[in-house]
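The next block holds one structure in the form of structure tokens; read it before the comments.
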Amino acid sequence: MNSAEMLQPFSATDLVVRIQKGDRLAERQLVEQYQSGLLLILRRQAKADIAQEVAQETWRIVIEKIRLAELREPEKLGAFIAQIGRNQLIMHYRRERNAGADSDQVPEGEHTQGPVELLEQADAQRIARQLLEQLNKKRDREILQRYYLEEEEKDSICEDMELTDLHFNRVIHRAKQRLRLLAESMGITL
């Protein structure tokens, strides 16, 4: 497999089958394809350093479970990864609490962000929405908003927009590139 083929997005089912067959390249591709989405989910409830730490543990568990054929519905790989990530974040906060973390640690089930972080997040979402409105392609705006801001499932978006899994990955990748270029032209770092 050449380097151009290596970087092409693969369907969730294809990745799962290849990982179960011991393909290490598929494991790398899995992380590359889903890392940004996982971090987006984790950063909503944790600081960046904690999100990164939890993501690493999430990947270890996800790959292990796939190798052991514990993922029964490969087409739902994204939801599987997201749920394991959320569970690992909960476990992270439990370990902190049980290890005698600060007494002002937020109890499980309550919001983990303070007022400043909530304001920063709201401001970031406002800026993201303004940037999305300025994208030239309607499809770019729609797919980015639905997937990242409204957190719709990939399968639902694919069905509504008549996209295959592979085509979805290409469309969202290109849309993110165009959004990043637009943001940079306006002096905004994403």
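The values are calculated or read from the model by the stated rules, or taken from the named source; none is laboratory data. As the structure is a computational prediction, the values presented were derived from the model and not from experiment. Neighbour counts run over all protein chains shown; Cβ positions are idealised from the backbone, glycine included. All accessible areas refer to the heavy atoms of the entire protein, side chains included, with ligands and DNA or RNA removed. Shrake-Rupley method; radii C 1.70, N 1.55, O 1.52, S 1.80 Å.
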- [ ] Kindly provide the set of residues from the stretch 162-185 that are assigned to a helix (DSSP H, G or I), among the charged types (D, E, K, R) and surrounded by fewer than 17 Cβ atoms within 10 Å (Cβ to Cβ), ordered by number.
- [x] Arg170, Arg174, Arg178, Arg180, Glu184
Open item on the list: Considering only residues that are within 14 Å of the chain's Cα centre (by Cα) and farther than 22 Å from Ile172 by Cα, which ones fall in the stretch 17-45?
Closed with: Gln45
Task: Identity of the residue in the stretch 146-161, farther than 16 Å from Arg126 by Cα and out of contact with any Gly (no Cβ under 9 Å at 6 or more places or on another chain), that ends up most open to solvent (accessible area, probe 1.4 Å) - done: Glu159
- [ ] Kindly establish whether Gln88 is in contact with a Lys or Arg (Cβ under 9 Å, 6 or more places away or on another chain) and modelled with pLDDT of 90 or more.
- [x] no
Task: Residues of the stretch 23-64 classified as of a type outside the set (S, T, N, Q) and open to solvent by 80 Å² or more (accessible area, probe 1.4 Å), total - done: 9
Task: Qualifying helices (runs of 4 or more DSSP H) (wholly inside the stretch 1-97; at least 3 residues being out of contact with any strand residue (DSSP E or B) (no Cβ under 9 Å at 6 or more places or on another chain), touching a residue at least 24 places away in the same chain (Cβ under 8 Å) and charged (D, E, K, R)) - done: 48-67
